[in-house]
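Everything below concerns the one structure shown next.
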Amino acid sequence: LCVPAVPVLFKQDLENTDVEEGKSISLRCELTKADATVVWKKGEAALQASAKYEMKQKGTVAELVIHNAEPEDA
């Protein structure tokens, strides 16, 4: 018996959010499948965890925290 893989979809998309320069901002999205692999990108470049970018995931919620936000982070 072959069971097709169920695609992972967004239950809640990211929303546009404003932040004061130099502050931290948290971006969250909710997925239809728990612990699915999430890759955060800026344009075509995948973001890597660093002092600036913090990635978290718990169950179906994935979160990106951008520390010390700058205009270039838009």
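The values are calculated or read from the model by the stated rules, or taken from the named source; none is laboratory data. Bear in mind the structure is a predicted one, so any value in this text is a computation, not a measurement. Glycine gets a Cβ as well: all are built from the backbone with ideal geometry, and neighbour counts include every protein chain shown. For the accessible areas, the whole protein counts, side chains as well, though only heavy atoms, and no ligand, DNA or RNA atoms are used. Shrake-Rupley method; radii C 1.70, N 1.55, O 1.52, S 1.80 Å.
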Next item on the list: Being within 16 Å of GLU72 (Cα to Cα) and open to solvent by 90 Å² or more (accessible area, probe 1.4 Å) is the filter here, so list the residues in the stretch 5-32 that pass it.
Entry: ASN16, ASP18, GLU20, GLU21, LYS23
Next item on the list: Please go through the stretch 33-57 and pick out each residue that is in a loop (DSSP other than H, G, I, E, B) and open to solvent by 90 Å² or more (accessible area, probe 1.4 Å).
Entry: LYS33, ASP35, THR37, VAL39, GLU44, GLN48, ALA51
Checklist line | Residue among ASP73, ASP18 that is in contact with a strand residue (DSSP E or B) (Cβ under 6 Å, 6 or more places away or on another chain) and not aromatic (Phe, Trp, Tyr) | finding: ASP73
Margin query: For the stretch 1-28: of the residues being closer than 18 Å to HIS67 by Cα and not in a loop (DSSP other than H, G, I, E, B), which is farthest from the chain's Cα centre (by Cα)?
Written below: ILE25
Check: Does LEU1 satisfy the criteria of being out of contact with any helix residue (DSSP H, G or I) (no Cβ under 8 Å at 6 or more places or on another chain) and modelled with pLDDT of 85 or more?
Finding: no
Margin query: Residue pairs, Cβ under 8 Å, 6 or more apart or interchain, first in the stretch 32-47 and under 16 Å from LEU64 (Cβ atoms) and modelled with pLDDT of 90 or more, second exposed (fewer than 10 other Cβ atoms within 10 Å of the Cβ) and small (Gly, Ala, Ser). List them.
Written below: VAL39/ALA46; TRP40/ALA46
Checklist line | Single residue of the stretch 58-74 satisfying the filter (closer than 19 Å to ASN16 by Cα and not in a strand (DSSP E or B)) that is least open to solvent (accessible area, probe 1.4 Å) | finding: ALA69
